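The values are calculated or read from the model by the stated rules, or taken from the named source; none is laboratory data. Because the structure is predicted, anything quoted here is derived from the model rather than measured. Please note: Cβ atoms are built from the backbone with ideal geometry, for glycine as well, and neighbour counts cover all protein chains shown.
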């Protein structure tokens, strides 16, 4: 993505608008400070006409590009992995904060 923006800096605003985000966020994704979600990755791929692929942006979600030696290994490892239980993956609920700084005090009348 960084290479795309370096070669086509004039398209930054267009790609950001087409992907439904802001140019500054796109720069942060390109530089690795932020990660594109799956919907944003797909939108960026469409906006760049496939020059930046979903596999480039999020190989942890979409895997390596098809046709590479890593692709077959990635697919087979995903197929053999046990399904993750949705309840165990969820973060536990946090208890609400108790009171705060003014707990137990009365406001002057």
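In the set 66, 83, which member is at pLDDT 60 or above and over 17 Å from the mean Cα position of the chain (by Cα)? Let's see the steps before the verdict.
Values: 83 fails: at pLDDT 60 or above.
It is 66.
Just to be sure I understand, how many residues within the stretch 38-53 are under 11 Å from the mean Cα position of the chain (by Cα) and free of Cβ contacts under 8 Å to residues at least 12 places away in the same chain?
Residues of the stretch 38-53 that are under 11 Å from the mean Cα position of the chain (by Cα), as a first pass: 38-42.
Those still in the list that are free of Cβ contacts under 8 Å to residues at least 12 places away in the same chain too: 39.
Number satisfying all stated conditions: 1.
Can you tell me how many residues in the stretch 9-33 are loosely packed, with under 15 Cβ neighbours inside 10 Å and either within 15 Å of residue 54 (Cα to Cα) or in contact (Cβ under 8 Å) with a residue 24 or more places away in the chain (or both)?
The number of residues fulfilling the criteria is 4.
Go through the stretch 47-63 and count every residue that is assigned to a helix (DSSP H, G or I), within 17 Å of residue 3 (Cα to Cα) and either touching a helix residue (DSSP H, G or I) at 6+ places or on another chain (Cβ under 6 Å) or modelled with pLDDT of 90 or more (or both).
4
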